[in-house]
């Protein structure tokens, strides 16, 4: 880019314009002229150039933004598969079509990845030549002055009795002192000049930002391939959780390159769970006190897990996600023998003060299977519409509404822990239960509600690449700030010997924030003339004072 | 600690007074906008600076001093100045409203959409007033005040909630970092939005004038190029702040939910907004995309921001729905 300016004989108006283009740095795609080859290679080259133009990158960027929109409008499998199923039920006609287009998994769909990858390639294509150019520019001498300074956006001329050599030394020293990269030159015709440039950090920052963006993309990909995440729940004082695939509620989600063998061994017991609510039922705090051990036989440790305060276990983290109530049901046969005794986790309904539903399944021990649907109302109240509701999320007046079934649960089919299949069952009774009371079955068996505890829902997550992504973000942000606020600018000073002294020409060029630069330029030109001997009282009219540099309308430049 | 009802009431009253001040100021700015230029309709011709044609500018163009360009004044100029005074008064009341709300609830005053809207508007007005101390941008007043009055009106009616403590999900020091940055950027983008709208209007006016008279005339209104520069500066300033806000949000999400990015609707729209503004910054320096196209992208960025903030909370359910109304 600066080669053009090096050719003094070509220093024309168009040339100073091209200097203006090149100094802007982050503006135009770098067009490197390569000899054209015929055939397929030429076509590929053409395609590659097209892909790596700024215009294509912009287009891809906007397509990516557009492509993300359906991901926020349709339920996504990754975040909420239950709502996807709900959508299937509600819109049976369109759902399969939307599914085929990947609308329920937008961010994992082929076309989203394609855009993502194209943008990445385009970015690499933009970056590689620019990294090379910037590396070269960083060690190169600042470009030589143009032949005509008056073509530059800023220029001024004055006379001095100092020698041309002194002028060049003074300008060189002055600019160096102000942290400019300055270079003294002697043109073939003997004219001494100083070329100086400042603000390389702008392009450095710009490149750092874009490289960081690539690193971030890579880190996100690593996390998606090597990470896992699963949800489990533990009842207060109940059975401890051990970190195995089977212990999770449903299959944990694994990245494509990992499986259950990557789970770090640990056990976790819930000692106590406290949910505190405000009088208006808004939740105030959730605290889970746990005892955990990194692997069987390892020493146990006690700790509290709260929202925003996860537990770190060997590269994975355990987060508190939520909580619910777990009534203890003791099932006895007609002789009074205990058939089943367990806490049953109930699922709190949204915005309903822990009004929860769930099922008790007793698949053995009695001559038939028992299934009971239970609605847990922590603080029973009757609504004006005749339906019961919970007036508080705390178990102040707990009640269970039940409907019990007998028959065949059909457990050979895969089922949710919160539901059962009624097809092989018949209703054996329904009613309201209070703590300590029992439901009687027709043959004399009974289901007693003995106790109620809370359970906590946790999520185990391992997301490798997180630290890399974070570092990339920090560096990218620093680069971004530099690329937006550092101004790249050039100043040239030329000293031509003339009768009775030297004619000093100062020229300046900046694409960014031309207004600020014109003030800086005037200050530097003024300081330079101050360091030089005043002009001899000449018969010629006084030269233009340096403090008043001629300036093009600042708005002509990029701000 | 219980909510201080007296302070909460004071905050509500202050906000009401703020809206009235801003509304009056808006009318004042609009009046100056409409009638201010009558006085100098036969303004001098502007030096022509067409995009790219730098060599058509006389190289030794004398520097244009500000005093030489000062336009004649008329009654509307006085109205415009009064509008600034009323804006400052409203801004002081607005600050008072936000501070008393925080004191009433014993926490940061941005825990729900109502408070959040108010703070964004406060940032927008602050950014406008700050800009006014550096550049003569009074012409932007009406276009800044209009969304501010609308935003505060919406906050005071539809989004209004009583002061209370934070929900557990928000009860983290990250609310001071992530939310502050996002609100700051939003307020700054609001000013950029006003400037982009004005740019479009000025650009077509100048083009029409150029076609009709062959020369753009000076008016008390700014040149399209200078409004464009204000929009760019605001976006260039707001963009890193927004980026920081999104990154801080990712760090918070990692701490709270175990993943730094999960394509939750709020995250998705924050990403879209980021991409659109990044597109603006690139477009503004790409041949063929400067000017009107870039301004449209800037406006699209603000629309996306509004969706991120309002639509996602009100109509799309996701993890951020705890912030409620």
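Determine the gain in length on full extension of the stretch residue A:69-residue A:259; use 0.36 nm per residue of separation and subtract their C-alpha separation, reporting nm with one decimal. Walk me through the intermediate numbers first.
Numbers: separation 190, 0.36 × 190 = 68.40 nm, distance 3.14 nm.
Contour length minus Cα-Cα distance gives 65.3 nm.
Any number yet on Rg/Rh for the range B:164-211, C-alpha, Kirkwood?
We get a ratio of 1.42 for the range B:164-211.
Order by neighbour count: B:242, A:292, fewest other Cβ atoms within 10 Å first, most last. Each step should come with its number before you reach the end.
Numbers: B:242 25, A:292 21.
Least to most surrounded, the residues fall as A:292, B:242.
Please give the peptides A:260-266, A:204-210 ranked by average Cβ packing (other Cβ atoms within 10 Å per residue), highest first, as a rough proxy for protection.
Listed from highest to lowest mean packing, they are A:204-210, A:260-266.
Counting helices only, and only those DSSP H runs with n ≥ 4, report the 222 nm mean residue ellipticity of the protein assembly as shown as the sum of -39,500 (n - 2.57) divided by its residues, in deg cm²/dmol to the nearest 500.
Working: 21 runs with 387 residues, N = 884.
Mean residue ellipticity, 222 nm, calculated: -15000 deg cm²/dmol.
Place a point 7 Å from Cα of residue A:91 in the direction of its Cβ. Which residues in the range A:50-82 have their backbone N less than 19 Å from it?
Within reach of a label on residue A:91, which here means backbone N under 19 Å from a point 7 Å along Cα→Cβ, the range A:50-82 contributes A:66-82.
What average count of beta carbons from other chains do you get within 10 Å of the Cβ of residues in B:249-260?
Mean shielding by partner chains, rounded to a whole number: 6.
Hey, what's the Kirkwood Rh for the range A:169-317 if you take every pair of different alpha carbons, in angstrom?
21.4 Å
Hey, what D do you get for the range A:275-325 in µm²/s if you plug the Kirkwood alpha-carbon radius into Stokes-Einstein at 4 °C and 1.567 mPa s?
103 µm²/s
At 1.002 mPa s and 20 °C, plugging the Kirkwood radius over alpha-carbon pairs of the range A:460-513 into Stokes-Einstein gives what diffusion coefficient in µm²/s?
My calculation gives 136 µm²/s for D.
Taking 0.36 nm per intervening residue step and subtracting the Cα-Cα distance, what contour gain separates residue A:523 from residue A:349 on full extension?
Result for the pair: 55.6 nm of gain on full extension.
Using label points projected 7 Å from each Cα along Cα→Cβ, tell me how many nm separate residue B:292 and residue B:157, to one decimal.
3.5 nm
Round to the nearest 10 and give me the degree value, 0 to 90, for the angle of helix A:110-139's Cα axis relative to the longest principal axis of chain A.
30 degrees
Tell me, what are the semi-axes, in whole angstrom and largest first, of the equivalent ellipsoid of the range A:92-173 as set by the roots of 5 times the Cα gyration tensor eigenvalues?
Details: eigenvalues 753, 49, 16 Å².
The equivalent ellipsoid of the range A:92-173 has semi-axes of 61, 16, 9 Å.
Based on the Cβ-Cβ distance of residue A:50 and residue B:17, what FRET efficiency does E = 1/(1 + (r/R0)^6) give at R0 = 60 Å, to the nearest 0.05?
0.55
First measure r as the distance between the Cβ atoms of residue A:419 and residue A:214, then evaluate 1/(1 + (r/R0)^6) with R0 = 51 Å and state the FRET efficiency to the nearest 0.05.
So the FRET efficiency works out to roughly 0.65.
Please compute the alpha carbon radius of gyration of the range A:393-546, then divide it by the globular-protein estimate 2.2 N^0.38 Å. Two decimals is fine.
Relative to the 2.2 N^0.38 Å estimate, the range A:393-546 comes out at 2.94.
How far is helix A:466-485 tilted off the main Cα axis of chain A, in degrees rounded to 10, range 0 to 90?
30 degrees
Take every residue in peptide B:273-285, count the Cβ atoms of other chains within 10 Å of its Cβ, and give the average of those counts.
4
For residue A:282 and residue A:427, what is the calculated FRET efficiency with R₀ set at 45 Å and r taken between the beta-carbons, to the nearest 0.05? List each step's numbers first, then the result.
On the way: r = 38 Å, r/R0 = 0.85.
According to the calculation, E is roughly 0.75.
Just counting partner chain Cβ atoms within 10 Å, what average do the residues of peptide A:186-194 show around their Cβ?
Per residue, the average neighbour count from other chains is 0.
Any chance you could list P(r) for the range B:206-293, counting all Cα-Cα pairs in 5 angstrom bins from zero, rounded to whole %?
Going from the shortest bin to the longest, the percentages are 3, 11, 16, 16, 13, 11, 9, 7, 5, 4, 3, 2, 0.
Would you please put B:142-148, A:87-93 in order of how densely packed they are, using the mean number of other Cβ atoms within 10 angstrom per residue and starting with the highest?
Details: B:142-148: 24.4, A:87-93: 11.4.
The densest-packed peptide leads the list: B:142-148, A:87-93.
Could you state the angle between the C-alpha long axis of helix A:77-90 and the longest principal axis of the C-alpha atoms of chain A, as a value from 0 to 90 degrees rounded to the nearest 10?
60 degrees
For the range B:96-142 and the range A:286-342, what is the centre-to-centre distance using only Cα atoms, to the nearest Å?
Their Cα centres are 46 Å away from one another.
So what's the range A:411-481 giving for Cα Rg divided by 2.2 N^0.38 Å, two decimals? Please list the in-between numbers first.
Numbers: Rg = 25.9 Å, N = 71, 2.2 N^0.38 = 11.1 Å.
Ratio of Rg to 2.2 N^0.38 Å for the range A:411-481: 2.33.
Please list log₁₀ I(q)/I(0) at q = 0.04, 0.07 Å⁻¹ for the protein assembly as shown, using the Debye equation with identical point scatterers on the alpha-carbon positions.
-0.27, -0.72
Cα-based Rg of the range B:197-257 per 2.2 N^0.38 Å, rounded to two decimals?
So the range B:197-257 has a normalised radius of gyration of 1.86.
If each residue's Cβ is checked for other Cβ atoms within 10 Å, how do A:357, A:447 rank with the fewest at the top?
A:357, A:447
Using Stokes-Einstein with the Kirkwood hydrodynamic radius over Cα pairs, what translational diffusion coefficient do you get for the range A:313-399 at 20 °C and a viscosity of 1.002 mPa s, in µm²/s rounded to a whole number?
For the chosen part, D equals 142 µm²/s.
We did not get these values from a lab; they are worked out from the coordinates using the rules stated. The shown structure was predicted, so the numbers you read here are calculated from the model rather than taken from an experiment. Here Cβ is always computed from backbone atoms with ideal geometry, including for glycine, and neighbour counts include all displayed protein chains.
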